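Asks: Can you read through this structure? Questions will come right after.
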Amino acid sequence: MNATQPTSRYSTLSIALHWLMLLLFIAVYACIELRELYPKGSDPREALKTWHFMLGLSVFVLVWLRLFARVTSATPSICLLYTSCTSF
Ligand code: HEM
C-alpha cells in the first residue's frame with residue numbers, strides 16, 4: 001500500500017500512534033498533577049517531574065514518527081469518513 005492508493009482506513013501504524021499518544025498525554029498530565037501530593041524536594045515529587053519530562057519528550061519524538069507515517073501511507077478520503085459527504 002502506498003500513499004496514493006485509495007483506502008478506507010488509516011494505517012495500523014497511524015492508528016497505533018494515535019492511541020499511544022493519547023495514553024502518553026494522560027500519563028504526562030497525571031505525572032505533573034500527582035507531584036502535588038508530595039512535598040517540595042521529596043524523591044517521589046522529583047521522580048514524577050522526571051517522568052513528566054521524559055514522557056513529554058517522547059510525545060515530541062512520536063509526533064515526527066506520526067507525520068512520517070501520515071505522508072508515507074495511504075489515508076482514507078474525507079468522504080469515506082463522513083457519509084453525509086455527497087460531492088467530490
Ligand atoms: C505532552 C507534553 C506536555 C504537556 C501536555 C505538559 C503539561 C504540563 C502541565 C499541565 C504542567 C503543570 C503546570 C502547573 O500546574 O503549574 C507542566 C509543568 C511543567 N512541565 Fe510540562 N508538559 C509537557 C511536556 C513537557 C516537557 C517535554 C518538559 C521538559 C522537558 C516539560 C517541563 C515542565 C516543567 C519544568 C514544569 C513545571 C514543573 C514544576 O517544577 O512544578 N513539560 N507541564
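Asks: Collect the residues in region 40-58 that are in contact (Cβ under 8 Å) with a residue 24 or more places away in the chain and either more than 10 Å from the ligand (Cβ to nearest atom) or among the aliphatic types (A, V, I, L, M) (or both), keeping them in residue-number order.
Replies: To start, the set of residues in region 40-58 that are in contact (Cβ under 8 Å) with a residue 24 or more places away in the chain comprises 51-52, 55-56, 58.
Residues satisfying the conditions are 51, 55.
Asks: Please name all residue pairs, on different chains or six or more residues apart, with Cβ atoms under 6 Å, provided the first residue is in region 59-73 and is surrounded by 11 or more Cβ atoms within 10 Å (Cβ to Cβ) and the second residue is among the hydroxyl-bearing types (Ser, Thr, Tyr).
Replies: Between residues of region 59-73 that are surrounded by 11 or more Cβ atoms within 10 Å (Cβ to Cβ) and residues that are among the hydroxyl-bearing types (Ser, Thr, Tyr), the close pairs are 69/14; 73/11.
Asks: Moving to a separate point now. Tell me which residues, restricted to region 6-53, are hydrophobic (A, V, I, L, M, F, W, C) and surrounded by fewer than 14 Cβ atoms within 10 Å (Cβ to Cβ).
Replies: Of the residues in region 6-53, the ones hydrophobic (A, V, I, L, M, F, W, C) are 13, 15-17, 19-28, 30-32, 34, 37, 47-48, 51, 53.
If the condition is that a residue be hydrophobic (A, V, I, L, M, F, W, C) and surrounded by fewer than 14 Cβ atoms within 10 Å (Cβ to Cβ), then 15, 16, 19, 22, 23, 25, 26, 37, 47, 53 are the ones that fit.
Asks: A further question on this structure: Got a sec? Which of 24, 65 is assigned to a helix (DSSP H, G or I) and within 9 Å of the ligand (Cβ to nearest atom)? Spell out the reasoning first.
Replies: On the way: 65 fails: within 9 Å of the ligand (Cβ to nearest atom).
Residue meeting the stated conditions: 24.
Asks: Another question about this same structure. Give the residue, chosen from 15, 32, that is part of a helix (DSSP H, G or I), of a type in the set (Val, Ile, Thr) and under 27 Å from residue 79 (Cβ atoms).
Replies: Details: 32 fails: under 27 Å from residue 79 (Cβ atoms).
Among 15, 32, only 15 is part of a helix (DSSP H, G or I), of a type in the set (Val, Ile, Thr) and under 27 Å from residue 79 (Cβ atoms).
Residue by residue, here is whether (1) farther than 15 Å from residue 21 by Cα; (2) in a helix (DSSP H, G or I); (3) at pLDDT 95 or above; (4) out of contact with any Pro (no Cβ under 8 Å at 6 or more places or on another chain) holds:
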position: 46; (1), (2), (3), (4): yes, yes, yes, yes
position: 49; (1), (2), (3), (4): yes, yes, yes, yes
position: 55; (1), (2), (3), (4): no, yes, yes, yes
position: 71; (1), (2), (3), (4): yes, yes, no, yes
position: 86; (1), (2), (3), (4): yes, no, no, yes
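The values are calculated or read from the model by the stated rules, or taken from the named source; none is laboratory data. Every value quoted in this text rests on a predicted model; they were computed, and no experiment measured them. Don't worry about glycine lacking a Cβ; one is built from the backbone with ideal geometry, like all the others, and counts go over all protein chains shown.
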